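Supplied in structure tokens, the structure appears directly below.
Bear in mind these aren't lab numbers, they're just calculated from the coordinates by the rules spelled out. Since the structure is predicted, the reported quantities are computational estimates derived from the model, not experimental observations. Here Cβ is always computed from backbone atoms with ideal geometry, including for glycine, and neighbour counts include all displayed protein chains.
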2 protein chains.
Amino acid sequence: MNKGALALLIHGGTQNWSPERWKSRFDDVCKDRRVWLLPDPTCDAAEVCYAAVWKPRSGELAAFPNLRVMFNLGAGVDALMADSTLPKVPLVRVAVGDLTARMTEYVVLHVLMHHRQEPYLRASQREKRWAPRFQWPASAISVGIMGMGTLGSDAADVLRRLGFRVSGWSRSPKQLEGISCFHGNAQLDTFLQRTDILVCLLPLTPETQQILNRGLLAKLNPNSPMGAPALINAGRGGLQNEADILECLDDGTLGAASLDVFAQEPLPPDSPFWTNPKVVLTPHNAADTDPDEISKYVARQIERFEAGGALENVVDPGRGY
Amino acid sequence: MNKGALALLIHGGTQNWSPERWKSRFDDVCKDRRVWLLPDPTCDAAEVCYAAVWKPRSGELAAFPNLRVMFNLGAGVDALMADSTLPKVPLVRVAVGDLTARMTEYVVLHVLMHHRQEPYLRASQREKRWAPRFQWPASAISVGIMGMGTLGSDAADVLRRLGFRVSGWSRSPKQLEGISCFHGNAQLDTFLQRTDILVCLLPLTPETQQILNRGLLAKLNPNSPMGAPALINAGRGGLQNEADILECLDDGTLGAASLDVFAQEPLPPDSPFWTNPKVVLTPHNAADTDPDEISKYVARQIERFEAGGALENVVDPGRGY
């Protein structure tokens, strides 16, 4: 076994993401490579060339003197990038088709829930009221997606197919068929003003910290056919100013919100989000990708890297994602 | 004004479908044609060549001796076909893109709600429980659509794009890219056995009356990754054996159901569907098409018919749809 070993540093996963499950998957796909699930007293730190991590503790990765590549087992690398002790080797983030497909499911589901007035219809059922309301067509609604990378572009494509008017906003210019593309700070207000349902899939960086604040939300289409615009955040909790969002829901600036992520997770029991009737809350499960897909993806990248090929989806430290 | 007049017979519409709203729309699109909204004592029955109807009363249409074409303002013509006094002139049913798009919205929304465990997640929110569950990917779920006409085919296409395995079952053979197509009684069981989420968009005919009964539902995939299969009916209430559906929900044959239609509408306050925690109930609003689109469609068909062209979407009395 001469191939560089892989260390797994996995903390705080759900049942589906248990460290043991990851270990078993990586053993399957790294056939003649040693895989250590840490902590493991038998692990020889000098042999470790690769690390696959989920919420590693600050400083943990500095223990491996011969580390060559780090793999983050999710799409968001904000916590890692904030760690000043992070080794200066390439960091790869996960971009597998399965993760994209699951995020698109989530975005399409929640856009349709707000578009089709699901909160109202569920309340009607609870109250035993047969009371259909006027329903506008998808063609009357503009969905605006912030973050038009792999995830945003795929969701945009399905929403367009469903008949919505779709806009995208990103840091750098994009061109996508049937989507109105905006970019940069100069075009942000134009993008917001036309938007009835705002979907946030941005990476969390110093620039996007608390970008979902009153100033931004107040610029959404004030004449929405929906009555008031809706917000869907499946990016990161750090993108939210949560006090502002609650205020905007309260004063009608926002008509509804679907939130998958929060500043503090699990969301504390006393958070007002739990009981706000305008909030559709999910426990950070928008795109809970299967370890099967991700372990195969990491193993493929290591093989290619060792054969002299280039790594994919390497994080740009300057950009932060 | 020599063109044949149009009579509107509209009963029991929702706010969006008020008779006055229809009258105003038809006045806009039938520029030099007389439009009577019945009852109207000034209406000359002999001048009426066309009738556009929504839930007309039995015998009402027999009052027009020179009737040439009847237009039904929705997709379902079951009530009309059951009327033995119906004049023997062509009956056209509505097939506009707007109706198709709205039905696809409904089907995709409700498939995703069951796939993504929305009833569980809403209960978790009410109970302030941050408790993500294992989430299977769309590629693990077979959606089976009964009724593969314009509506079923369009919904199938979007579901396929979302990554679901999609099958269709129809009376006559179909071929659709990426969809496993079954037809006729001989292939019904094979279709059902693979199905995790059953979507019913069938027309109501003597053959499909109460087709959604225990015998059929018990054939759905017993080893579904979802635990138990789900039913979505956005066709007609008459397709349902409602006692059987309640029993199947109760004994676990079905895990969940989205029902938009019922044998009796509005659903009576004492119906057990209102409070069944496995039921997602909507007030027959799956595809509440805009009168704008339908009135334009009817006016276009009349113009073409008078110019010697063929009518589209004429109901086949033998088939019943």
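Taking other Cβ within 10 Å of each residue's Cβ, how do A:C200, A:C43, A:C49 sort, fewest first? Before the final figure, lay out each step's value.
Numbers: A:C200 24, A:C43 17, A:C49 20.
Ascending number of Cβ neighbours within 10 Å: A:C43, A:C49, A:C200.
If you don't mind, another one. Contour minus end-to-end for A:E177 and A:K3, with contour as 0.36 nm per residue of separation and end-to-end as the Cα-Cα distance? Could you put the intermediate results ahead of the total?
Details: separation 174, 0.36 × 174 = 62.64 nm, distance 4.44 nm.
Additional length available on full extension: 58.2 nm.
Right, another one. Within the range A:276-321, list the GluC sites (Glu not before Pro) lying in a DSSP loop whose Cβ has at most 16 other Cβ atoms in a 10 Å radius.
A:E312
Right, here's the next one. Is the range A:1-93 rounded, prolate or oblate when judged by the Cα gyration tensor, a ≥ b ≥ c being the square roots of its eigenvalues, rounded requiring a/c under 1.5 and prolate requiring a/b larger than b/c? Please list the in-between numbers first.
Values: a/c = 1.61, a/b = 1.11, b/c = 1.45.
In terms of gyration-tensor shape, oblate.
Mind checking the angle between helix B:242-251 and chain B's longest principal axis? C-alpha axes, 0 to 90 degrees, to the nearest 10.
10
Considering every residue in A:159-165, what mean count of other chain Cβ atoms within 10 Å of its Cβ is obtained?
3
Quick one: label points 7 angstrom along Cα→Cβ at B:T85, distances to the other copies in nm, smallest first?
8.8
Oh, and also: Distances from A:D32 to the same position in the other copies: list them in nm, one decimal, shortest first, using label points 7 Å from Cα along Cα→Cβ.
8.7
May I have the extent of the alpha carbons of the protein assembly as shown along their three principal axes, as whole Å values ordered from largest to smallest?
96, 56, 47
Which is farthest toward the positive dipole end of the protein assembly as shown among B:M113, B:S84, A:G318, measuring Cα position about the Cα centre, with Cβ charges +1 (Lys, Arg) and -1 (Asp, Glu)?
A:G318
For B:K3, list the aspartates and glutamates whose Cα falls under 12 Å from its own Cα; do not include residues on the same chain fewer than 8 positions away.
Output for B:K3: B:D32, B:E47, B:E303, B:E306.
Loop only by DSSP, 10 or fewer other Cβ within 10 Å of the Cβ. Give me the trypsin sites (Lys or Arg not before Pro) in the range A:60-150 that pass, ordered by residue number.
A:K88
Now, a different point. Averaged across the residues of B:201-214, what count of C-beta atoms belonging to other chains lies within 10 Å of each residue's C-beta?
Average per residue, whole number: 0.
State, to one decimal in nm², a quarter of the convex hull surface area for the C-alpha atoms of the range B:99-281, i.e. the direction-averaged projected area.
Its average projected convex-hull area is 10.5 nm².
Ok, one more. Using only DSSP helix segments of four residues or longer, with each worth -39500 (n - 2.57), what per-residue ellipticity at 222 nm results for chain B after dividing by its residue count and rounding to 500?
Taken over chain B, the calculation gives -8500 deg cm²/dmol.
Average partner chain C-beta neighbours within 10 Å, per residue of B:123-135? Write down the numbers at each step before the final one.
Values: counts 0, 4, 10, 3, 1, 9, 4, 12, 5, 10, 6, 6, 11.
The per-residue average across the peptide is 6.
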